[in-house]
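These notes concern the structure reproduced below.
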Amino acid sequence: MSKVEPAELVIIGAGPAGMAAAITSANYGNRVVLLDEQPSPGGQIYRNVTHSTHLRDKILGTDFQHGRALTSKLKQPQIDYRPNAKVWRVDDDGQICYSIEDKATRITGKQIIIATGALERPVPVPGWTLPGAMTAGAVQILLKSSGLLPTQAVLAGAGPLLYLLAAQMIRAGVPPLAIVETQQRRDYISAARYLPVAMGNWPLLGKGLRLLAEIRRAGTPRYTTANNIKITGSSDVQGIQFSSSGKHHEIECNCVLLHQGVVPNTQISRLLRLTHSWHPQQHCFVPNTVAHGKTDNPIFQIAGDGAGISGALAAEHQGKLCALNALQQLGAADQTIIETEQSVTLKQLNREHRARPFLDTLYAPPTEALAPASDTIICRCEEVTAGAIRQQIPKGCTGPNQTKAFSRCGMGPCQGRYCGLTVTEILARENALAHDEVGAYRIRAPIKPVTVSELASLHE
């Protein structure tokens, strides 16, 4: 059996939280191993920022360019940055198995920070599996990685990312045909009570208003209070149908970009059997963390959107807090200095959090996206419909792991990353149970596909 590499601090993920954690640790002279699945640092929000062109920077905006300041600080001897590292197993004693170029390695950390970020919430509507139907996040990946954007596209769903992507498409010269927004009047009314507190983070709200102004100046049509969304086409996307303000609409297009917000990537925290709870405003499970990202396993902390959706700037502050706490646990820095820096960072984090309840309530996903009609596919890997899940309920299925055994839903390559929340939502509604009672898929290693040769390389 191969040797296990020892390390003081290991960070999984090089998005804003992971980078901030690594930089903070290095600033105190502590060596850190930073494992990142991508070929360059930045995570999803700052993807490929180190190789972005001047033109692409202008399209993506100043928020994206901020990531370059973070990535530049990773180039110091105390940070052992390992790109293309696919983490596929994490044990509760701190041992991590990961692969680079099909060769697997073991490393054990005395302290581990999980900074794996978020996943885009699936939007299972009729026709969402047709070629040409994509998520808004997927198109941002295309733009950041290759400078590509679809033409003749319609954006549909809810959330600030829709406005950001629309503005970026306008700057690139390929504006969307329309934006179809699902937030209803009741969402505005419910969110209004959080607006006074949200104004405490007025720069963030100001960014949203500027994006909306940019979209209006471009003349991009916006359809509000939309529902009954259906993507049409036989072999590929040919259009989108929906109702808005009591009227039926059809728009011809060859691409529909769906978005209903993002949710924490909890694969590793689930694998570790850490405690999770349902977040009623964000409509997802989040790992239970206390001050500075601590979990119920003293080795592990969770920073960034993986601990609950907060945004990129909040993720930076959380990454820094987790690193400071790890240094405390390792006895690697002066206690008084760390506590002072923790206090300042916590105030900055709280400011970023002020707008979160407002945004979560205003852009809440609609019922038709959370618990879709029975003929809609919810598990793309195994092509399982929502109706197939509902059919398991009379058999006594009250949780996702039971429905998996009966329907194969969640057994595909994504291992339930994208269908899991939908299954929980359906079971909770149909059985009149709390989401915490229904639970989530039980995750087992490997959490990413692993070849036999990779496993064999552990014994070389």
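The values are calculated or read from the model by the stated rules, or taken from the named source; none is laboratory data. Just so you know, these numbers come straight off a predicted model, no measurement behind them. In this analysis, Cβ positions are derived from the backbone assuming ideal geometry, glycine residues included, and neighbour counts consider all displayed protein chains.
Are there any strands (runs of 3 or more DSSP E) wholly within the range 199-310 with 2 or more residues that are aliphatic (A, V, I, L, M), and if so which?
Values: elements: 226-232, 239-244, 247-252, 255-260, 262-264, 276-279, 284-287, 300-302.
Filter on the range 199-310 gives 226-232, 255-260, 262-264.
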For this session: Count, please, the residues in the range 187-242 that happen to be of a type in the set (D, E) and surrounded by 15 or more Cβ atoms within 10 Å (Cβ to Cβ).
Result: 2
Problem set entry | Identity of the residue in the range 109-136, among the polar types (S, T, N, Q) and within 24 Å of V290 (Cβ to Cβ), that ends up surrounded by the most Cβ atoms within 10 Å (Cβ to Cβ) | Q111
For this session: Hey, could you check the range 49-78 for residues that are modelled with pLDDT of 95 or more and outside any helix (DSSP H, G or I) and say which is surrounded by the most Cβ atoms within 10 Å (Cβ to Cβ)?
Result: L74
Problem set entry | Which listed residue is in contact with a Ser or Thr (Cβ under 8 Å, 6 or more places away or on another chain), closer than 19 Å to C284 by Cβ and either assigned to a helix (DSSP H, G or I) or basic (K, R) (or both), from T361, T424, T403 | T361
Seminar exercise, completed: Going through (1) part of a loop (DSSP other than H, G, I, E, B); (2) touching a Ser or Thr at 6+ places or on another chain (Cβ under 6 Å); (3) touching a residue at least 60 places away in the same chain (Cβ under 8 Å) one by one, V174 fails only at (3)
For this session: Go through (1) assigned to a loop (DSSP other than H, G, I, E, B); (2) in contact (Cβ under 8 Å) with a residue 60 or more places away in the chain; (3) in contact with a strand residue (DSSP E or B) (Cβ under 7 Å, 6 or more places away or on another chain) one by one and return the number of the condition A369 breaks.
Result: (1)
Seminar exercise, completed: When the range 108-144 is checked residue by residue, the ones that are under 20 Å from L34 (Cβ atoms) and polar (S, T, N, Q) are T108, Q111, T116
Exercise. Within the range 66-78, is even one residue under 20 Å from the mean Cα position of the chain (by Cα) and closer than 17 Å to I113 by Cβ?
Worked result: yes
Exercise. In this structure, is T336 surrounded by fewer than 19 Cβ atoms within 10 Å (Cβ to Cβ), at pLDDT below 95 and of a type in the set (S, T, Y)?
Worked result: yes
Seminar exercise, completed: Across (1) under 16 Å from I377 (Cα atoms); (2) modelled with pLDDT under 95; (3) out of contact with any strand residue (DSSP E or B) (no Cβ under 8 Å at 6 or more places or on another chain), E425 clears everything bar (2)
Exercise. Does the range 243-289 hold any residues that are of a type in the set (G, A, S), exposed (fewer than 15 other Cβ atoms within 10 Å of the Cβ) and on the phi > 0 side of the Ramachandran plot, and which are they?
Worked result: S245, G246
